[in-house]
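Values in this text are rule-based calculations from the coordinates and carry no lab data. Source: prediction; values computed, not measured. No Cβ is skipped: glycine too gets one built from the backbone with ideal geometry, and neighbour counts run over all protein chains shown.
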Amino acid sequence: MTVLILNGPNLNLLGTREPEIYGATTLPEIEQLTLAKLKSADLSGMFFQSNAEHEIVDSIQKAPENDVDFIIINPAAFTHTSVAIRDALAAVGIPFIEVHLSNPHSREPFRQHSYFSDIAVGVIAGFGVNSYLMACDMAIERLQD
Ligand code: DQA
């Protein structure tokens, strides 16, 4: 069983990007922690980040041929703008969890709408790197059912 972890724009800057909001953990560290957690449950993980909307759409379109069973996605700023990524997730029909390091609901009004939440299995936000790790736990629970 395979879990695809997708990361949107500017998440490659984690560690130096507004650490008071997003924490000090880098994206390679998040990759290492999440893939290790999935591996400990005998699941394969694929990890991808892009600043380009079309590359995220392409990776979702390719998910069925890559035998992806579950998606964890932090769409980052695309959370609030991207009908295209939402449509790709709906098209492949692979269940997904939306994650955020910060809690968008406690921030600017433009962050309070998500194009993903209503079609997600669930949303985990506000716990830094632990948002990703909790999402891995939930993916593991679902895939082991
Ligand atoms: C984010 C929240 C978004 O509003 C923001 O644009 C991001 C990161 C988060 O993980 O807290 O880039 O998705």
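In table form, for the structure just shown:
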| quantity | calculated |
| --- | --- |
| Sites residue 32 and residue 58, calculated FRET efficiency, Cβ-Cβ separation with R0 30 Å, nearest 0.05 | 0.75 |
| Overall form of the range 1-103 per C-alpha gyration tensor (a/c, 1.5; a/b vs b/c) | oblate |
| Given charges at beta-carbon only (K, R positive; D, E negative), |dipole| of the chain in Debye | 240 debye |
| Selected from 92, 63, 76, residue furthest toward positive end of dipole (the chain; charges at beta carbon) | 76 |
| Shape call, the range 70-145: gyration tensor on alpha carbons, a/c limit 1.5 | oblate |
| Under 15 Å, Cβ to Cβ, from residue 120 - net charge with Lys/Arg +1 and Asp/Glu -1 | -1 |
